[in-house]
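What follows is a short report on a single structure.
The values are calculated or read from the model by the stated rules, or taken from the named source; none is laboratory data. Computed from a predicted model, the values in this text were never measured in an experiment. Glycine also receives a Cβ, built like all others from the backbone with ideal geometry; neighbour counts cover every protein chain displayed. What goes into the accessible areas is simple: the full protein's heavy atoms, side chains included, and nothing from ligands, DNA or RNA. Shrake-Rupley method; radii C 1.70, N 1.55, O 1.52, S 1.80 Å.
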Amino acid sequence: MATAPVTAPAPAPASARPRRSRGRRIVRALLWVVGLLLVVLLAAGLWLRHRVAASLPELRGELAIPGLSAPVAVERDALGVPTLRAETRVDAARALGFVHAQDRFFQMDLLRREASGEFSELFGPFMLLHDRNRRRHGCVRMASQILAAMPPARRALLEAYAEGVNAGLRSLGDKPFEYLVLRAEPRAWRPEDSILVIYAMAFDLEDWRTTVETGLGKVHDRVPQKVFDFVDPAGSTEWDAPLVGDALPTPPIPGPDVYDLRKAPARKLAALPPREPAELPSGWMGWSSGEDLFAKTGSNAWAVAGSHTADGHALLANDMHLGITVPNIWYRASWSWRDPDGTARRVTGTTLPGAPLLATGSTGRIAWGFTNSFVDVVDLIDLELDPHDPEVYRTPAGPRRFEHSTERIRVKGQRDEMFDVVKTIWGPVVDKDPQGRPRRALAWSTDSPEATNLGLFELESAKSIDEAIEIAHATGIPPQNFVVVDSSGRIGWTIIGRIPRRVGWSGQVPGSWADGTRRWDGWLRSDEVPKVVDPPSGRIWSANQREAAPEAQARLLGDGCYDLGARARQIRDRLLGMEKATPQDMLALQLDDRALFLARWRDLLLATLTPAAIQADPRRGELRRLVETTWTGRAAVDSVSYRVVREFRDTLEKEVFASLTGYQGSPDDLPFYRSTRRFEGPLWRLVTERPAHLLDPRFASWDAQLLAVADEVRLRLRKIGPLAGRTWGEGNTLIVQHPLGGLPLLGRWLNIQQKPLPGDLDMPRVIGKFFSSSERMVVSPGYEETGIFHMPVGESGHPMSPHYRDGHAAWEEGRPTPFLPGPAVDVLKLVPKKS
């Protein structure tokens, strides 16, 4: 049998072999490139991580720094809170500067740049508007003047602190990580920078008042005086809870002979913006915008005399409401030293990074806390220009020319900007007319060097509330309610900070000072400033409400937009019910989220959603059911009812207010000028008395307007999703960000995870979208071991530190943690550097 021949496979075409080998070579090359890129990226990541880690502070061992007179022990507890054991107060200031720089230098830099108007140098041209506004005030020049005039002992503390800051910065293995991200270099700290930090707080607490006064002026110009007095009452409502005197009644409703909206010319009201504030970062310093702007600068503080506490010692409680950011505005610390006579001293509490003093806390002899006083220290002045020369304005002493100076603003990525600052004898020009001529100037107490003097240092030596109050009246800081207790069980309240003596008008709206009948005439004397010492009730409460008697408030303190009083009343009533208070009782009151303020608004909403209204539109039935069934009587995170009622009340307030004041929606109009919720009194009178002549002409009856608002709230919430899921926690979740947390890829690393928390504005537990209690403190001076303290986020501003966010959970949950730092976990010894 024949065998078939075996044929060899046909060879591949010559052209195919090179093509396949080229393909393999390309794949291998690509793999090499990818591998190389991965190696480079890994190396870059490790290098970057190494550089970031290098800026972590040295916490153990021994380090020599210049200027110390003796060694200082820096003991940090499990939360990173330092206890500084020094021989002298100056050494303690130097050591405090050292640890501030280790943990928070970038925050300190932002604070001084906030006041000096130097953000553009770090962040670029989008901060130019901010910097121009700050440069008008000349804070850098004033800080230098204040430092030069300061008593030698205080100046020595600032100088030692600055040297400690720079030593702390040099001790880091690399510059703080924020400067790596921004490709910038940190600048050395100067003694006068600590004064700029105080100015930064003044801007936070008071700068917004110009916006309020402008809005008030527009309303005042549009409506009759009786209507203006009604919508902006000098008192509050039945919620008013002053320390002195009784609540002031709500003004009567102006009659139709004064103001009749039904007879007013027909007009179309501008569309009102929604209640929810924009989802924006909370700002470089934790300061917000929109509706949260005015509510966030509040606080709670109260005191209970020893005769009403369980152990016979006076109790102080304080929680200051500010923007919550990473890191927190406050830095916890405790430091001890010996006076020249050998007396051992120790102070514990909050410090403001950038300043070498105790902001709030206890010295063992006294303890104090602050709330924003809303004393009126800001006035807008209408300028009267020479009709022939816009560079000349009228003054009581005759015509004057405007003063001009040029500020150089350094701008990252572009050329410097030269900014013309225009000033009057009263203060800087802050507003111009459409032709570019000066229109208004600003008189602000902070623009006077006498208003800032760091007198807080002297509180460390006060032995009683009497001494503390005298020191408070001589201290130059933004005016605050000062609640103080001493180790003997006594309690007191006054205003700390310098208060201008206003002559000729209330200061509520802008006006001319040209003829001299309106003016400031120096500062109030100590004996003129209201105070309360050892009240018969044995309790003092301060929650940004009117504190003083009506005459003293109007004549001496003015109305800087003090609060409604609902929060203060809730605090007062609960305090008066405690006969033997404990620190735990104080913390429970700080966490009180009972919705007493909104209870009557829930009743009104239920009365609005009648069976007839539901029959007309069955969709209203679900809204009524949720309002009825999910109400817990608290601002609870899972309550749909609380959110609906809150939205109903706020939406109605805005619509009624817009109608009464003629809001037209122009870009320079300010529909929601009210910086407090004091419109509650007039609003409640309107919705209960229902005057036909003040009803918005778009509605046939008050019932119709109330129902329309309920429908608007339902529709707005329904756009988000099913009504049953629209809880209060969803609508009021606290946003806690690092200043660089909005940059790509950095947010998840730097920001705090958002978590709904119970609370709201008109109750002791204050929670907003961008602000809340920046600390909670309860303490008896001399018995600090029984005290309570916690604050959001953590001590360190470094994201790789274990103390970056380790205190946050206790703050969220309201868990008590000790006021005093715990046992030392890390000990660093600072020793004098040999020359």
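Which one is nearest to Phe105 (Cα to Cα), of the residues in the range 168-216 that are small (Gly, Ala, Ser) and under 25 Å from the mean Cα position of the chain (by Cα)? Give the steps one after another, and end with the answer.
Let us first name the residues in the range 168-216 that are small (Gly, Ala, Ser), namely 168, 171, 173, 184, 188, 194, 200, 202, 215.
Then keep just the ones that are under 25 Å from the mean Cα position of the chain (by Cα); that gives 194, 200, 202, 215.
Values: Ser194: 12, Ala200: 15, Ala202: 20, Gly215: 38 Å.
The selected residue is Ser194.
Tell me which strands (runs of 3 or more DSSP E) are completely within the range 304-380 and hold 3 or more residues being among the polar types (S, T, N, Q), or say none if there are none.
Values: elements: 315-323, 331-338, 344-351, 358-362, 366-372.
Of the strands (runs of 3 or more DSSP E) lying wholly inside the range 304-380, those with at least 3 residues that are among the polar types (S, T, N, Q) span 344-351.
Taking the numbered list (1) under 28 Å from Ser659 (Cα atoms); (2) of a type outside the set (Asp, Glu); (3) open to solvent by 30 Å² or more (accessible area, probe 1.4 Å) in turn, Gly731 passes all entries but (3).
If I filter the range 166-194 down to residues being within 29 Å of Gly413 (Cα to Cα) and of a type in the set (A, V, I, L, M), which single residue comes out as surrounded by the fewest Cβ atoms within 10 Å (Cβ to Cβ)? So, considering only residues that are within 29 Å of Gly413 (Cα to Cα) and of a type in the set (A, V, I, L, M), the one surrounded by the fewest Cβ atoms within 10 Å (Cβ to Cβ) is Ala188. Please verify whether Ser69 is touching a Pro at 6+ places or on another chain (Cβ under 9 Å), surrounded by fewer than 18 Cβ atoms within 10 Å (Cβ to Cβ) and among the polar types (S, T, N, Q), treating the condition exactly as stated. Answer is yes for this residue. Of all residues in the range 469-512 being aromatic (Phe, Trp, Tyr) and open to solvent by less than 10 Å² (accessible area, probe 1.4 Å), which is nearest to Leu216 (Cα to Cα)? Per the criteria, the residue is Phe482.
Taking first residues from the range 814-825 that are closer than 9 Å to Gly787 by Cα and partners that are open to solvent by less than 60 Å² (accessible area, probe 1.4 Å) and in a loop (DSSP other than H, G, I, E, B), the Cβ contacts under 6 Å between residues at least 6 apart in sequence or on separate chains come to Phe819/Gly787.
Against the list (1) part of a loop (DSSP other than H, G, I, E, B); (2) within 30 Å of Arg519 (Cβ to Cβ); (3) open to solvent by 40 Å² or more (accessible area, probe 1.4 Å), the condition Arg555 fails is (1).
Looking at the range 598-612, which of its residues are open to solvent by less than 10 Å² (accessible area, probe 1.4 Å) and within 25 Å of Arg567 (Cβ to Cβ)? Let's see the steps before the verdict.
Applying the first criterion (open to solvent by less than 10 Å² (accessible area, probe 1.4 Å)) to the range 598-612 yields 598, 601, 605, 609.
Within the range 598-612, Leu598, Trp601, Leu605 meet the criteria.
Quick one: which residue in Leu31, Leu79, Leu110 is in a loop (DSSP other than H, G, I, E, B) and either farther than 30 Å from His803 by Cβ or modelled with pLDDT of 95 or more (or both)?
Working: Leu31 fails: in a loop (DSSP other than H, G, I, E, B); Leu110 fails: in a loop (DSSP other than H, G, I, E, B).
So the residue among Leu31, Leu79, Leu110 that is in a loop (DSSP other than H, G, I, E, B) and either farther than 30 Å from His803 by Cβ or modelled with pLDDT of 95 or more (or both) is Leu79.
Going through (1) without any contact (Cβ under 8 Å) to a residue 40 or more places away in the chain; (2) open to solvent by less than 10 Å² (accessible area, probe 1.4 Å) one by one, Gln615 falls short only on (2).
Taking first residues from the range 385-407 that are open to solvent by 100 Å² or more (accessible area, probe 1.4 Å) and partners that are of a type in the set (Val, Ile, Thr) and assigned to a strand (DSSP E or B), the Cβ contacts under 6 Å between residues at least 6 apart in sequence or on separate chains come to Pro399/Val392; Arg401/Val392. Screening Leu129 with (1) surrounded by fewer than 20 Cβ atoms within 10 Å (Cβ to Cβ); (2) part of a helix (DSSP H, G or I); (3) touching a strand residue (DSSP E or B) at 6+ places or on another chain (Cβ under 9 Å) gives one miss only, at (3).
Conditions (1) touching a Ser or Thr at 6+ places or on another chain (Cβ under 6 Å); (2) assigned to a loop (DSSP other than H, G, I, E, B); (3) of a type outside the set (A, V, I, L, M, F, W, C), marked per residue:
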position: Leu459; (1), (2), (3): no, no, no
position: Ala468; (1), (2), (3): no, no, no
position: Ala472; (1), (2), (3): yes, no, no
position: Gly476; (1), (2), (3): yes, yes, yes
position: Phe482; (1), (2), (3): yes, no, no
position: Gly489; (1), (2), (3): no, yes, yes
position: Gly492; (1), (2), (3): no, no, yes
position: Arg501; (1), (2), (3): no, no, yes
position: Trp505; (1), (2), (3): no, yes, no
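Yes or no, residue by residue, for (1) open to solvent by 30 Å² or more (accessible area, probe 1.4 Å); (2) at pLDDT 50 or above:
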{"residue": "Leu216", "(1), (2)": "no, yes"}
{"residue": "Asp240", "(1), (2)": "no, yes"}
{"residue": "Asp257", "(1), (2)": "yes, yes"}
{"residue": "Pro265", "(1), (2)": "yes, yes"}
{"residue": "Ala270", "(1), (2)": "no, no"}
{"residue": "Pro274", "(1), (2)": "yes, no"}
{"residue": "Thr309", "(1), (2)": "no, yes"}
{"residue": "His313", "(1), (2)": "yes, yes"}
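The listed residues are Arg51, Arg85, Arg76, and the only one of them that is open to solvent by 50 Å² or more (accessible area, probe 1.4 Å) and within 17 Å of Leu830 (Cβ to Cβ) turns out to be Arg85.
What residue, of Ile465, Ile425, is under 30 Å from the mean Cα position of the chain (by Cα) and not polar (S, T, N, Q)?
On the way: Ile425 fails: under 30 Å from the mean Cα position of the chain (by Cα).
Among Ile465, Ile425, only Ile465 is under 30 Å from the mean Cα position of the chain (by Cα) and not polar (S, T, N, Q).
For the condition within 18 Å of Leu442 (Cα to Cα), out of contact with any Leu (no Cβ under 9 Å at 6 or more places or on another chain), crowded, with 19+ Cβ neighbours inside 10 Å and not polar (S, T, N, Q), what is the one hit in Glu163, Glu118, Glu206? Can you show your working first?
Numbers: Glu163 fails: within 18 Å of Leu442 (Cα to Cα); Glu118 fails: within 18 Å of Leu442 (Cα to Cα).
Answer to the check: Glu206.
Checking the stated criteria, Ala160 turns out to be assigned to a helix (DSSP H, G or I), touching a Lys or Arg at 6+ places or on another chain (Cβ under 6 Å) and under 22 Å from Pro66 (Cβ atoms). Which of the residues that make up the range 533-552 are crowded, with 23+ Cβ neighbours inside 10 Å and of a type in the set (Asp, Glu)? Across the range 533-552, the qualifying residue is only Glu547.
Checking the stated criteria, Leu591 turns out to be modelled with pLDDT of 95 or more and either at positive phi or within 21 Å of the chain's Cα centre (by Cα) (or both).
Taken over the range 483-516, residues that are touching an Asp or Glu at 6+ places or on another chain (Cβ under 8 Å) and of a type in the set (Ser, Thr, Tyr) amount to 2. State which residue is surrounded by the fewest Cβ atoms within 10 Å (Cβ to Cβ) when the search covers only the range 408-428 and only residues that are basic (Lys, Arg) and in a loop (DSSP other than H, G, I, E, B). The residue in question is Arg415. Among the criteria (1) part of a loop (DSSP other than H, G, I, E, B); (2) surrounded by fewer than 20 Cβ atoms within 10 Å (Cβ to Cβ), the one Leu715 does not fulfil is (1). Among the residues of the range 38-60, not a single one is at pLDDT 95 or above, part of a strand (DSSP E or B) and not β-branched (Val, Ile, Thr).
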